[in-house]
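Take a look at the structure set out below.
Coordinate-derived values only; no laboratory data. Every value quoted in this text rests on a predicted model; they were computed, and no experiment measured them. No Cβ is skipped: glycine too gets one built from the backbone with ideal geometry, and neighbour counts run over all protein chains shown.
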Amino acid sequence: MTTKGPYNTITATGTASASAAEINADLCAITAGTSGAGVRLDAMNPKDKRKVANYSSTAEYFVYPASGGKINNRTADYGVLLPPNSVLEFECVDSVNVWAHGVS
């Protein structure tokens with residue numbers, strides 16, 4: 001299992017997978033950014049997990065898969081919405097697919 005480190009904060013940037021900020025820890029908290037901006041998962045190996053939290057009480061952010069990846073078998077590079085004050089866990093199942101689990 002690969003790891004990026006235990007915890008860090010990040011600012012959401014961009015409005016598409018290519019321009020979103022890449023997450024920088026296994027447990028990552030979005031603490032700033034314009035509503036509608038996003039973060040992108042890093043490349044993961046099967047069974048790797050990442051948790052992304054939205055610390056904003058008002059802004060919604062997007063979480064995108066790693067380049068070319070799919071979340072819940074949706075269209076490649078398509079993001080999922082992370083509402084205010086919520087957490088999603090992402091688990092890599094193969095070289096392309098990641099499952100998103102609601103944790104909040």
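For this structure, a couple of remarks:
- Filter pass, Ala43 being under 18 Å from His101 (Cβ atoms) and either without any contact (Cβ under 8 Å) to a residue 60 or more places away in the chain or in a loop (DSSP other than H, G, I, E, B) (or both): no
- In segment 7-26, the residues that are without any contact (Cβ under 8 Å) to a residue 12 or more places away in the chain never reach a residue that is hydrophobic (A, V, I, L, M, F, W, C) and loosely packed, with under 14 Cβ neighbours inside 10 Å with C-beta atoms less than 7 angstrom apart, at least six apart or across chains.
- Residue check, Ala16 at negative phi and under 13 Å from the mean Cα position of the chain (by Cα): yes
- Annotation note: Cβ proximity below 9 Å between a residue of segment 48-66 that is surrounded by fewer than 24 Cβ atoms within 10 Å (Cβ to Cβ) and a residue that is among the aromatic types (Phe, Trp, Tyr) and in a strand (DSSP E or B) (sequence gap 6+ or interchain) occurs for Asp48/Phe90; Lys49/Phe90; Arg50/Phe90; Lys51/Phe90.
- Test: residue in segment 35-47 that is surrounded by 14 or more Cβ atoms within 10 Å (Cβ to Cβ) and over 18 Å from Thr9 (Cβ atoms): yes
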